[in-house]
Structure formats: structure tokens, C-alpha cells
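The values are calculated or read from the model by the stated rules, or taken from the named source; none is laboratory data. This structure is a prediction, so every number in the text was calculated from the model and none was measured. Positions of Cβ are generated from backbone atoms using ideal geometry, with glycine treated the same way; all protein chains shown enter the neighbour counts.
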Amino acid sequence: MTPVLLMGILITFTLSLPFFGLIGKKIRRERFLISTSAISITLCAFLLSLLFLLNNMHVNSVLAAFNTSPSPEKPNIRIDLLSAYMAVIYLGVCLLVLLFSAKTVARSKITLYFSTILGMVTSMIGIVFSEDFFTLFVFWESMCICSYTLVAFNKEREEPIEAGYKYLIMSSAGALMILFASSFLYGLTGTLNFHYISEGLNQAKEFIVHLAILMLLVGFGLQAGMVPFHTWLPDALSTAPSAISAFLSACTEKIGLYCILKVYFIIFNSQYQEWRIPLALFAVLSMFIGNISALLQDDLKRLFAYSTIANTGYILAGIAIGTSKALSGSLFHILNHAIVVALLFLCTGAFMRQVRTRNLRELSGIRHTMPLTSFALIIGVLSLATFPFLNIFWSEITIIAAGWEAGMAWLSFLIIINLVFSAAYSLRIIQWAAVKRTTYISRRASEAPLSLVIPTLMLAFTIILIGVYPAPFQRLTETIVEASLYSK
Amino acid sequence: MPLIYYVACSVILFFIGIYCLILKRNMIRLLMGLEIMMNAVNLNFIAFSSKVMEGATHPLAHAFTIISISIGGCVIALGLVITVYAYKHYGTLDVRELRRLKR
């Protein structure tokens with residue numbers, strides 16, 4: 001019953017946050033009231049979902065459901081280990097993002113900001129808990145509406161408005177693709193429930209089924225930043241407020257990948273074999289275009305946005321390989337990359353607040369004036385470069401080894417080439433931030449306040465922890481793959 | 001009338017919407033293209049609802065369509081708000097003029 005309770009708490013609290021804001025305005029403690037209540041509720045939800053995940057590690061089937069007697073017509077909520085795992089990641093990142101932005105947001109906007117972020121994380125949890133296209137679509141669109149608002153949050157400037165408009169048009173078109181595909185699936189099977197669609201279309205070879213799969217791949221891949229549908233991503237991530245960029249790249253991308261996993265391994269399991277090569281092609285395109293564009297960037301946020309596209313490619317490669325080892329590598333990479341990219345964007349946010357720039361050349365030698373933030377940044381960047389004994393190393397190794405074993409050695413080889421590219425731009429960042437001399441801009445900087453440093457240091461500590469001691473996390477992802485994706 | 005006419009009509013509408021998104025330059029026309037695509041999807045759902053249940057209409061599709069119309073309204077409203085701000089900043093509705101980010 002815990003997850004349904006969790007959803008109930010989150011939805012009720014999100015909807016009542018504007019009233020908290022009104023009360024806070026009356027007693028002149030708006031920032032304190034809003035940030036404390038939002039952070040404590042998110043902390044409670046995070047601990048609740050973590051406990052739920054750890055308590056149910058041995059359960060090999062559905063953990064909880066809203067409707068205990070399923071039927072083709074009823075919308076349903078259904079939780080398995082995979083969705084609990086994703087919910088833990090989202091709530092953890094959301095908690096740190098809220099901690100980071102408690103002091104940085106302008107006072108007049110704080111209620112809007114916190115309630116929109118909470119609305120976004122609530123709808124993401126709704127997406128991972130849903131079991132039919134009806135529920136999925138409602139939560140998907142509410143997540144999208146919240147994220148358009150957050151991208152265009154600084155409406156006084158031109159760039160966020162422009163990026164927000166581009167994101168709105170592209171992402172709505174993607175959502176309509178998903179909706180059109182689900183209407184065809186409804187016409188073929190008479191239901192919207194994933195389980196019944198999967199039964200009704202078992203071994204179906206019709207053209208329309210493959211067309212529907214393609215449309216679902218385009219719609220979800222657009223949100224995941226898959227090349228060639230990635231063009232909104234660098235603009236949106238580079239113009240949104242930094243905490244929002246962290247949240248978008250750590251969670252919204254991953255929800256697209258989660259849905260692609262769900263499409264191929266839960267709904268269309270019998271058609272999966274024909275889609276391995278197209279998925280691998282999309283993965284290779286994403287890796288190369290993301291990494292090569294990142295090599296040429298001086299703007300830190302655009303650089304990290306392009307590296308996000310490349311990492312989407314690695315995860316898609318794991319999905320294309322499709323053995324249980326590759327899938328556990330992909331899930332592990334989802335966790336690792338969420339942590340790393342959240343850390344990188346939060347560090348950039350701290351730089352932008354203290355130095356008012358995000359250009360790599362102007363930040364030269366920032367290590368001397370902002371040691372703690374630079375330490376966290378260097379840990380994150382080293383992890384992005386797949387430095388051994390940091391977390392991304394282990395998941396990359398798992399995906400590459402799985403590709404080798406499954407007879408897709410060419411894909412593993414292409415991933416290794418891309419690791420060289422990512423090492424190149426990561427070392428370039430370290431060279432500018434730590435080795436070069438200070439400029440007159442970076443000499444004037446001072447260390448960021450404690451509320452900004454603590455979240456970044458916590459993330460850096462998690463990176464080192466997973467890197468040094470990866471075994472329990474690998475066991476966790478293997479259990480999840482066995483229980484959720486191969487259970488049928 | 002057989003079902004295929006309705007489905008063909010909705011597919012054509014969907015492609016008109018995509019055509020509009022690709023080729024039109026006015027910001028409000030792009031939003032109208034999205035609206036046409038939404039209508040195509042809703043028509044498709046309603047057409048299939050008579051096929052799924054012979055002699056009657058299936059309630060699931062109708063419920064979905066009503067929800068999807070209201071969600072579509074929200075998205076278009078947000079798009080119009082962003083368009084208003086863009087018009088304030090740039091003084092035009094032409095998307096080709098929005099190129100502060102093309103570097």
C-alpha cells in the first residue's frame with residue numbers, strides 16, 4: 001500500500017503548496033515556509049520509496065497495484081521493482097535540487113518554482129507507476145507542461161522564451177505521436193492496458209504494429225534526447241536555471257529511456273528482435289553527434305547538454321544489445337549518469353552565481369578561489385571521462401562486455417571510440433579549471449555559500465562511494481532486470 | 001460508412017498537422033498545426049470506439065478523448081503565453097527571427 005500512499009501524499013501536497021505560499025506571504029516567512037515544507041516532504045517521500053525498494057528486493061512479481069482485479073477497461077497503477085528504482089532516483093535528485101535552489105531563487109517567484117518542480121516529480125512518479133496508456137499520457141502531459149514552464153522560467157530574457165517555445169512545439173509533437181500510436185493499438189486490441197496489448201499483439205507481424213512501435217520510439221526518444229530529435233535539448237538545458245537543467249537532464253531524459261525500455265521489453269517483447277539494429281543505429285548516431293559537438297563547446301552548460309545526448313546513446317546501446325547483463329548495465333548507467341550530470345549542472349550553477357559566467361575560458365584557474373565546488377566538478381568530470389574507480393566506469397564496462405558477449409562487438413568498439421572523445425573534452429575542462437592560471441574574473445570569486453556546496457559535495461561523495469564499492473548496486477540492478485523485464 | 005474512411009481522414013489530418021509544423025513560419029500557425037494533430041488523434045479514437053464494441057460505442061475511448069481535449073487546451077494556452085512573451089521581446093511572430101540561440 002506504501003506507493004499508492006506516496007502518490008497520494010505527493011499529489012495532495014503539490015496542490016496545496018500555493019496555499020502555503022499565501023499563508024507565508026501573510027506572515028512574511030514565504031521562503032522559509034515553502035522551502036522547509038517542500039524539502040521535508042520530498043525527504044520523507046525519498047526515504048519511504050527507498051525503504052519500499054529495499055524491503056521488496058526478494059519479491060519477484062508485481063509489488064503493489066491500485067486495482068487488485070485488473071480488467072482491460074480500467075486504468076491502473078502497478079508497481080514493480082523497476083518503477084520503485086526509478087522513483088528513488090527521481091526523488092533523490094529532486095531533493096538535492098530543491099536544497100540547492102532554496103536560497104537562489106528570487107523571492108517573488110519561489111512559490112511558483114517549488115510547486116512546479118514538485119508537480120514535475122509527482123507526475124514522473126505517476127509515469128513510472130502507470131500501467132496503461134491513459135494514465136501514462138495524463139501524467140506525461142502534466143510533466144511536460146511543468147517542464148515547459150520551468151525552461152521558460154526567466155521570462156524577462158529572450159533566450160529562455162525562445163528555447164521554451166522550441167521545446168514546447170517539438171515535445172508536444174512527440175507526445176501526439178505517442179497518442180496516435182496508442183490510438184492504433186487501441187483499435188487493434190480494444191484496450192489501453194500494457195499487459196492486454198502485449199497479449200493481444202503477441203507475434204503480430206502487421207505493418208501497422210511496427211508503425212506504432214516506430215511512433216512510440218520517436219515520441220519517447222524525443223524526450224530522451226535521441227539524435228536526430230535532440231535539437232531542443234542543448235538550447236533548453238543551456239538557458240534554463242541551472243538547478244532546472246540538472247533536474248531536466250537527470251530525470252526527464254531518463255523517463256524517455258525508461259519508457260523505451262518498457263515499450264520494448266514489456267509491451268512488444270515478441271517484436272523486439274527486429275528492432276535491435278535500428279536501436280543500435282540510433283544509439284551510435286547519438287553517441288557520435290553528442291560527443292563531437294561537445295568537443296567544440298566553450299559554454300559549460302552546452303557542453304554538458306551534448307554529453308547528456310552522448311550518454312543517452314550509451315544507454316540505448318545497452319537496450320539494443322538486450323541481454324540481461326546489458327540491461328542491468330543500462331539501468332546502472334541511468335543511476336550513475338543521473339548523479340554525475342546533476343552534480344555537473346549544480347556546480348555550473350554555483351559558478352554562475354559567484355562569478356556570473358559559464359564560459360570555460362573565463363573560469364580558468366577557478367580552483368584557487370572556489371576549492372570545494374571545483375573539487376566536486378573535477379570528481380564529476382573525471383567520472384564522465386570513465387576514470388577507473390568512479391561510478392560511470394563500472395556501468396560502461398558492463399555494457400561493453402555485454403556487447404562483446406552478445407555478438408555485437410562492433411557496437412562495443414564504437415562505444416570505446418566514443419569514450420576517447422569524452423575523455424578528451426573532460427580533460428580539457430580539468431585543464432582550464434585546475435591547471436591554468438587565474439584570470440582577473442576568476443580571481444575576484446569567492447567560495448559559494450554552504451547551501452550550494454552541500455548538495456554538490458553529497459553528490460561527489462555518492463560518485464566515489466559507488467565507484468569504490470559497486471557490488472551492491474550491480475546486484476540491485478541485476479535483480480531488477482530479472483524481476484521486472486524477464487519475469488514473463 | 002466503413003471504418004477505413006474515418007481512419008484515412010485522421011491520418012490525412014495528422015499529416016496536414018506535421019506539414020504545418022515543418023513548413024509554416026508564424027508562431028500561432030505552428031500552434032494551430034499542433035491543434036490539428038490533436039483533432040486527428042481524437043477522431044481516430046472515436047472512430048475505433050465503434051469498432052471495438054459492435055453496435056455501441058466503447059466508453060474508454062470517449063473518456064480518453066475528453067481528457068485529451070482538456071490537456072491539449074492547457075498545452076496550447078501555455079504555448080500562447082510563451083508566444084506573447086516572444087512577441088514582446090522580438091516584436092514579430094516569425095520563427096525565423098528567433099535565432100538568439102543559433103551559434
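Quick grid of which residues meet (1) closer than 15 Å to residue A:402 by Cβ; (2) surrounded by fewer than 23 Cβ atoms within 10 Å (Cβ to Cβ); (3) more than 17 Å from the chain's Cα centre (by Cα); (4) not aromatic (Phe, Trp, Tyr):
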position: A:273; (1), (2), (3), (4): no, yes, yes, yes
position: A:284; (1), (2), (3), (4): no, yes, yes, yes
position: A:288; (1), (2), (3), (4): no, yes, yes, no
position: A:295; (1), (2), (3), (4): no, yes, yes, yes
position: A:300; (1), (2), (3), (4): no, no, yes, yes
position: A:308; (1), (2), (3), (4): no, no, no, yes
position: A:327; (1), (2), (3), (4): yes, no, no, yes
position: A:330; (1), (2), (3), (4): yes, no, no, yes
position: A:338; (1), (2), (3), (4): no, no, no, yes
Out of everything in segment B:45-103 that is basic (Lys, Arg) and farther than 30 Å from residue A:190 by Cα, what residue ends up being modelled with the lowest pLDDT? B:103
Counting only residues that are touching a Lys or Arg at 6+ places or on another chain (Cβ under 7 Å) and surrounded by 24 or more Cβ atoms within 10 Å (Cβ to Cβ), segment A:150-181 contains a total of 2
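Kindly indicate whether residue A:399 is in contact with a His (Cβ under 7 Å, 6 or more places away or on another chain) and at negative phi. Show your work before the answer.
On the way: in contact with a His (Cβ under 7 Å, 6 or more places away or on another chain): yes; at negative phi: yes.
So residue A:399 fits the description; yes.
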In segment A:391-418, what residues are assigned to a helix (DSSP H, G or I), of a type outside the set (Phe, Trp, Tyr), in contact (Cβ under 8 Å) with a residue 24 or more places away in the chain and surrounded by 18 or more Cβ atoms within 10 Å (Cβ to Cβ)? A:391, A:392, A:395, A:396, A:398, A:399, A:402, A:403, A:411, A:414, A:415, A:418
Could you go through segment A:52-73 and let me know if any residue there is at pLDDT 90 or above, aliphatic (A, V, I, L, M) and assigned to a helix (DSSP H, G or I). no
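Name the one entry in A:372, A:335, A:363 that is over 15 Å from residue A:425 (Cα atoms) and in a loop (DSSP other than H, G, I, E, B). If you could, list the steps in order and put the result at the bottom.
Numbers: A:372 fails: in a loop (DSSP other than H, G, I, E, B); A:335 fails: in a loop (DSSP other than H, G, I, E, B).
From the options A:372, A:335, A:363, the qualifying one is A:363.
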Looking at (1) closer than 30 Å to residue A:263 by Cβ; (2) in contact with a helix residue (DSSP H, G or I) (Cβ under 7 Å, 6 or more places away or on another chain), which is the one condition that is false for residue A:475? (2)
Out of all the residues in segment A:182-194, is one or more touching a helix residue (DSSP H, G or I) at 6+ places or on another chain (Cβ under 9 Å), surrounded by fewer than 24 Cβ atoms within 10 Å (Cβ to Cβ) and more than 10 Å from chain B (Cβ to nearest Cβ)? yes
Going by the structure shown, is residue A:327 within 17 Å of residue A:385 (Cβ to Cβ) and out of contact with any Asp or Glu (no Cβ under 6 Å at 6 or more places or on another chain)? no
Provide a single number: the residues in segment A:464-488 that are closer than 26 Å to residue A:80 by Cα and either part of a helix (DSSP H, G or I) or touching a Leu at 6+ places or on another chain (Cβ under 9 Å) (or both). 17
Enumerate the pairs (first residue in segment A:146-173 and more than 7 Å from chain B (Cβ to nearest Cβ); second residue anywhere and of a type in the set (A, V, I, L, M, F, W, C) and not in a helix (DSSP H, G or I)) with beta-carbon separation below 6 Å, excluding pairs fewer than 6 apart on the same chain, so at least 6 apart or on different chains. A:151/A:240; A:160/A:152
Can you name the number of the only condition in (1) touching a Ser or Thr at 6+ places or on another chain (Cβ under 6 Å); (2) crowded, with 24+ Cβ neighbours inside 10 Å; (3) over 22 Å from residue A:465 (Cα atoms) that residue A:304 fails? (1)
Number of positions in segment A:93-130 that are in contact with a strand residue (DSSP E or B) (Cβ under 7 Å, 6 or more places away or on another chain) and within 14 Å of chain B (Cβ to nearest Cβ): 1
As an exercise: evaluate residue A:176 against (1) within 14 Å of chain B (Cβ to nearest Cβ); (2) touching an Asp or Glu at 6+ places or on another chain (Cβ under 9 Å); (3) not polar (S, T, N, Q) and give the number of the one condition it does not meet. (2)
Of all residues in segment A:394-409, which are closer than 19 Å to residue A:475 by Cα and aliphatic (A, V, I, L, M)? A:397, A:399, A:400, A:401, A:402
Sole miss for residue A:147 among (1) over 30 Å from residue B:93 (Cα atoms); (2) of a type in the set (Ser, Thr, Tyr); (3) assigned to a helix (DSSP H, G or I) is condition (1)
Of the conditions (1) over 19 Å from residue A:254 (Cβ atoms); (2) touching a helix residue (DSSP H, G or I) at 6+ places or on another chain (Cβ under 8 Å), residue A:392 fails just one. Which one is it? (1)
